[in-house]
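Okay, so here's the structure we're looking at.
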Amino acid sequence: MTTINWGILSTGTIAKKFATTLSQLTDGGKLSAIASRNPETAQQFASEYGVPKAYSNYHDLASDPTIDVIYIATPHSLHYENAKLCLENGKHILCEKSFTVNAAQASELFELAKEKDLFIMEAFWTKFLPAYQLLHKTLAEKTIGEITHFRAQYGFAPTGARYVRKFAPHLAGGALLDIGVYAIGVAAMILGYKPKELYSSALLGEYGTDTFNSIMLAYENGTTAHLITTIGSLIDPHAVIFGTKGHIVLPNFTALESYTVSIDNGSTYTVQAPFTINGFEYQIQETERCLLAKKQESTIMTHQNTLDVMRLMDKARSAWGLTFPCE
Ligand SMILES: NC(=O)c1ccc[n+]([C@@H]2O[C@H](COP(=O)([O-])OP(=O)(O)OC[C@H]3O[C@@H](n4cnc5c(N)ncnc54)[C@H](OP(=O)(O)O)[C@@H]3O)[C@@H](O)[C@H]2O)c1
């Protein structure tokens with residue numbers, strides 16, 4: 001593989017952002033094909049983003065021998081079947097979050113990828129952001145002492161058809177799999193992927209999926225996290241890391257470009273790490289690095305990281321009695 005040929009499976013909101021990012025990355029792979037369930041949508045996407053091939057179904061993209069890696073950007077309920085189709089056709093995969101609907105589906109995909117010697121990774125783009133690399137350094141230097149607590153909150157308010165789509169049980173809707181995954185994923189990046197306990201509660205709305213959820217994580221070493229996510233109210237994606245000597249505010253923890261450190265002795269400073277493009281470039285570059293090195297798995301966003309977060313979400317949903325038709 002010299003030039004990496006990307007395909008995008010679906011043409012929704014995030015597929016467009018991904019295509020924009022790829023087109024602005026000058027040194028790397030190229031976007032060679034797009035697939036949609038609808039031929040006109042595929043054609044329209046192809047002409048808008050200058051994509052050479054447009055397929056009117058996902059199978060034709062998966063079986064195109066010129067495509068190396070496929071970015072899956074369908075609703076989460078479809079990730080499992082879409083990823084399976086791509087793996088069975090020998091394609092490497094970058095798959096949107098939530099990676100699947102539950103840990104069992106994720107585990108099956110990882111096994112299949114290993115069997116076929118293919119790369120697969122959850123597109124948990126937040127983990128690759130330069131600001132998080134700097135933040136880890138700040139924390140390791142004990143600038144705020146020992147971490148005691150992490151708090152995160154995030155909510156957005158869709159309207160019209162998007163509202164229905166975001167809550168639809170057949171699309172694995174609800175706040176947890178849509179954005180709760182960010183709060184849990186970032187808590188895990190900071191405190192660890194294996195909390196000792198998870199306590200949670202949720203409000204299930206008119207579609208039977210969670211409109212609001214609250215999750216508390218407790219770790220063996222005594223640190224805790226409190227995470228709130230909701231679809232229906234606008235709440236800034238804001239997080240705070242508390243320590244024995246100060247605290248750090250993450251003003252936009254999903255798309256982190258800066259953070260502010262406050263030390264208890266009174267000093268405060270802000271660390272800036274702006275994106276080169278829009279933040280998606282780093283997960284794309286990591287995928288390409290792994291493909292060129294013939295790796296099945298990223299060491300930054302591992303299969304185990306995805307499984308751990310999926311298991312925490314399974315546990316929360318089990319306490320709420322929330323299951324999806326596709327599982
Ligand atoms: N990383 C991020 O920042 C981020 C942000 C938003 C969303 N996401 C994730 O990306 C995935 C897609 O989200 P999105 O906001 O892009 O969704 P979206 O705008 O609704 O697009 C989803 C696309 O999936 C395809 N699709 C296939 N079967 C479908 C079905 N039964 N119903 C609806 N669409 C179907 C459609 O494309 P065709 O008609 O062309 O086949 C549709 O355009 C989700 O898993 C979400 O969690 C990630």
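Before moving on, here are some points about what is shown:
- Residues located in the range 65-89, provided they are out of contact with any Lys or Arg (no Cβ under 7 Å at 6 or more places or on another chain), without any contact (Cβ under 8 Å) to a residue 60 or more places away in the chain and away from the ligand (no atom under 14 Å from the Cβ): Pro65, Lys84, Glu88, Asn89
- Residue within the range 32-45 that is among the hydroxyl-bearing types (Ser, Thr, Tyr) and closer than 17 Å to Leu291 by Cα present: yes
- Being in contact (Cβ under 8 Å) with a residue 40 or more places away in the chain, of a type outside the set (Gly, Ala, Ser) and in a helix (DSSP H, G or I) is a property that holds for Ile179.
Here's the yes/no breakdown for (1) open to solvent by 60 Å² or more (accessible area, probe 1.4 Å); (2) in a helix (DSSP H, G or I); (3) near the ligand (Cβ under 9 Å from one of its atoms):
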site	(1), (2), (3)
Thr11	no, no, yes
Ala19	no, yes, no
Ser23	yes, yes, no
Thr26	yes, no, no
Glu40	yes, yes, no
Phe45	no, yes, yes
Val51	no, no, no
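- Residue that is touching a Pro at 6+ places or on another chain (Cβ under 9 Å) and of a type outside the set (S, T, N, Q), where the choices are Ala202, Ala161, Ala175, Ala255: Ala255
- The C-beta contact set for the range 96-123 (first residue among the acidic types (Asp, Glu), second residue more than 16 Å from the ligand (Cβ to nearest atom), distance under 9 angstrom, 6+ apart or interchain) comprises Glu115/Leu87; Asp117/Lys294; Asp117/Gln296; Glu122/His303.
- Taking every residue in the range 215-232 that is of a type in the set (Phe, Trp, Tyr) and pairing it with any residue that is assigned to a strand (DSSP E or B) and at pLDDT 95 or above, at least 6 positions away or on another chain, the pairs with Cβ-Cβ distances below 9 Å are Tyr219/Glu197; Tyr219/Ala225.
- Criterion applied to Thr244, Thr230, Thr270, Thr260 was being β-branched (Val, Ile, Thr), closer than 29 Å to Leu322 by Cβ and modelled with pLDDT of 95 or more, and the one residue passing it is Thr230.
- Listing of strands (runs of 3 or more DSSP E) fully contained in the range 214-327 that carry 2 or more residues being more than 16 Å from the ligand (Cβ to nearest atom) and open to solvent by less than 60 Å² (accessible area, probe 1.4 Å): 224-231, 235-243, 246-250, 258-263
- The listed residues are Gly145, Gly160, Gly155, and the only one of them that is surrounded by fewer than 21 Cβ atoms within 10 Å (Cβ to Cβ), in contact with a Gly (Cβ under 8 Å, 6 or more places away or on another chain) and on the phi > 0 side of the Ramachandran plot turns out to be Gly145.
- Asn5 being within 25 Å of Thr306 (Cβ to Cβ), open to solvent by 10 Å² or more (accessible area, probe 1.4 Å) and touching a residue at least 12 places away in the same chain (Cβ under 8 Å): yes
- Tally, over the range 85-101, of residues that are open to solvent by less than 10 Å² (accessible area, probe 1.4 Å) and part of a strand (DSSP E or B): 3
- Qualifying residue in the range 120-127 (condition: open to solvent by less than 50 Å² (accessible area, probe 1.4 Å), within 12 Å of the ligand (Cβ to nearest atom), of a type in the set (A, V, I, L, M, F, W, C) and part of a helix (DSSP H, G or I)): yes
- Reported count of residues in the range 28-38, each being within 14 Å of the ligand (Cβ to nearest atom) and open to solvent by 50 Å² or more (accessible area, probe 1.4 Å), is 2.
The values are calculated or read from the model by the stated rules, or taken from the named source; none is laboratory data. All of these numbers come straight from a predicted model, not from anything done at the bench. All Cβ positions, glycine included, derive from the backbone under ideal geometry; neighbour counts span all protein chains shown. Side chains are part of the model used for accessible areas, which takes the heavy atoms of the whole protein and leaves out ligands, DNA and RNA. Shrake-Rupley method; radii C 1.70, N 1.55, O 1.52, S 1.80 Å.
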